[in-house]
Amino acid sequence: MHDTVRSPDTATPAEARSVLLVEDNDEVAAATGALLRSFGWSVEHAGDAETALEMIDAGVVPDVVLADIAMPGAFDGAQLAVHLRRTHPMLRVVLMTGYITEVHRASDEGGFLLLPKPCSTTELVAALVGARG
């Protein structure tokens, strides 16, 4: 994946798209959103999976959903990803986690692209650009 993706240094506004950031930690969401906006991405934020689903059902259709795995509520990020794969198969999902045990579960539950938290700016932007195809 990284061989065909430009680094953030060379990403142009024409390559930038929209992302729905699903993150329950407001500070992490604010920092991640600001970082993505600095690369020209349009960012919508949902504090949990249920809100993300409501936004998508209401017509928010991002190029990529970037979701934390560990979140409160009826759905966590991995369950959200599985649900979106069934209901919106063209919607790309990238998962993030700071918990090593979640890495195996996300892989077992559908082979989703998973980023460690924290990750570098290069890794984050490359994953999103690669996910949107």
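The values are calculated or read from the model by the stated rules, or taken from the named source; none is laboratory data. Keep in mind that this is a model prediction, so the values were computed, not measured. Glycine gets a Cβ as well: all are built from the backbone with ideal geometry, and neighbour counts include every protein chain shown. Protein only, heavy atoms only, side chains kept; ligands, DNA and RNA dropped before computing areas. Shrake-Rupley method; radii C 1.70, N 1.55, O 1.52, S 1.80 Å.
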For a quick check: with amide H placed at 1.01 Å from N, whose amide H comes under 5 Å from Leu91's, ignoring anything fewer than 5 positions away on the same chain?
none
Sequence order, the stretch 87-99: Karplus ³J(HN,Hα) from phi using 6.51 cos²θ - 1.76 cosθ + 1.60, θ = phi - 60°, Hz rounded, Gly and Pro as x, gives 8, 9, x, 8, 7, 7, 10, 10, 9, 10, 7, x, 10
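At 1.4 Å probe radius, can you tell me the per residue accessible area of the stretch 39-104 in Å²?
Values: 3170 Å² over 66 residues.
Ligands and nucleic acids excluded, the result is 48 Å² per residue.
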Note, the stretch 46-62: 3J(HN,Hα) by Karplus (6.51, -1.76, 1.60, θ = phi - 60°), whole Hz, Gly/Pro = x, goes 10, x, 7, 5, 4, 5, 4, 5, 4, 5, 5, 5, 7, x, 6, 10, x
Starting from the Cα of His83, step 7 Å along the direction of its Cβ; do the same at Tyr99; then give the gap between the two resulting points in nm.
1.8
